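The values are calculated or read from the model by the stated rules, or taken from the named source; none is laboratory data. Computed from a predicted model, the values in this text were never measured in an experiment. When we count neighbours, we look across all protein chains shown, and the Cβ atoms used for this are built from the backbone with ideal geometry, even at glycine.
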Amino acid sequence: MTLVKAAIKAIEVERREERRNRGRAHDEYWCVFDRDEHPQFDEAVKLARDHGISIAMSNPCLELWFVWHFADQTAYVERDDSQRRAKELLGCDKSLTEDALAKLTESKRYEAAKQRARRMEARHEGDGSSPAANPSSSMHLLIDSVRRSSGE
């Protein structure tokens, strides 16, 4: 909730500055976070959407997205297990090294991760669970948006 409220405030400041011809509004606004155990998670997602902020969320954590670049993970997974597996695969924690980033940006690995994310979205939809149920990640939505914006 804190992150979403900070984004809303930043948007309001940017829009005021733009009206004064002192800045340029951005085309999109995103919040990126893990599901974790945030007590106001659903309310934060709704508030973000109500303010035109897109969400890139991973459940249970961002490291699941990293794992999906290399392997399937279709069963419920604990955060610690995803973090440990990602560290084994990348050789680092969330602070990505150049080597880890290079592995993650290989197009075949990115496309594999994206397909795994989409398959889980479809599976959650098919069984009636939330699209954000464990395991899930919508990081590909943000990455695709950045790629479109940069002309890739």
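Points worth noting:
- If you go through the stretch 16-40 and keep only what is in a helix (DSSP H, G or I) and either loosely packed, with under 12 Cβ neighbours inside 10 Å or touching a residue at least 60 places away in the same chain (Cβ under 8 Å) (or both), you end up with ARG16, ARG19.
A quick yes/no check of all residues on (1) touching a Gly at 6+ places or on another chain (Cβ under 6 Å); (2) among the small types (Gly, Ala, Ser); (3) free of Cβ contacts under 8 Å to residues at least 60 places away in the same chain:
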position: ARG49; (1), (2), (3): no, no, yes
position: SER58; (1), (2), (3): no, yes, no
position: TRP68; (1), (2), (3): no, no, no
position: GLY91; (1), (2), (3): no, yes, yes
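- Complete set of residues in the stretch 74-96 that are modelled with pLDDT of 95 or more, among the polar types (S, T, N, Q) and under 23 Å from CYS31 (Cα atoms): SER82, GLN83
- Among the residues of the stretch 117-152, not one is among the β-branched types (Val, Ile, Thr) and touching an Asp or Glu at 6+ places or on another chain (Cβ under 7 Å).
- Candidates SER129, SER107, SER145, filtered to the one that is in contact (Cβ under 8 Å) with a residue 12 or more places away in the chain, polar (S, T, N, Q) and surrounded by fewer than 19 Cβ atoms within 10 Å (Cβ to Cβ): SER145
- Flag if PHE33 is out of contact with any helix residue (DSSP H, G or I) (no Cβ under 9 Å at 6 or more places or on another chain) and closer than 19 Å to SER130 by Cβ: no
- In the stretch 63-73, the count of residues that are touching a Pro at 6+ places or on another chain (Cβ under 6 Å), part of a loop (DSSP other than H, G, I, E, B) and at pLDDT 95 or above is one or more.
- Residue list for the stretch 95-152, restricted to those being hydroxyl-bearing (Ser, Thr, Tyr), assigned to a loop (DSSP other than H, G, I, E, B) and closer than 11 Å to TRP65 by Cβ: SER138
- Of all residues in the stretch 114-126 being charged (D, E, K, R) and surrounded by 17 or more Cβ atoms within 10 Å (Cβ to Cβ), the one that is nearest to ASP81 (Cα to Cα): ARG116
- Per the listing GLU63, GLU43, the residue uniquely among the charged types (D, E, K, R), buried (at least 18 other Cβ atoms within 10 Å of the Cβ) and either within 24 Å of SER130 (Cα to Cα) or in contact (Cβ under 8 Å) with a residue 24 or more places away in the chain (or both) is GLU63.
- The stretch 82-94, residues that are in a helix (DSSP H, G or I) and either more than 15 Å from SER137 (Cβ to Cβ) or among the hydrophobic types (A, V, I, L, M, F, W, C) (or both): ARG84, ALA86, LYS87, GLU88, LEU89, LEU90
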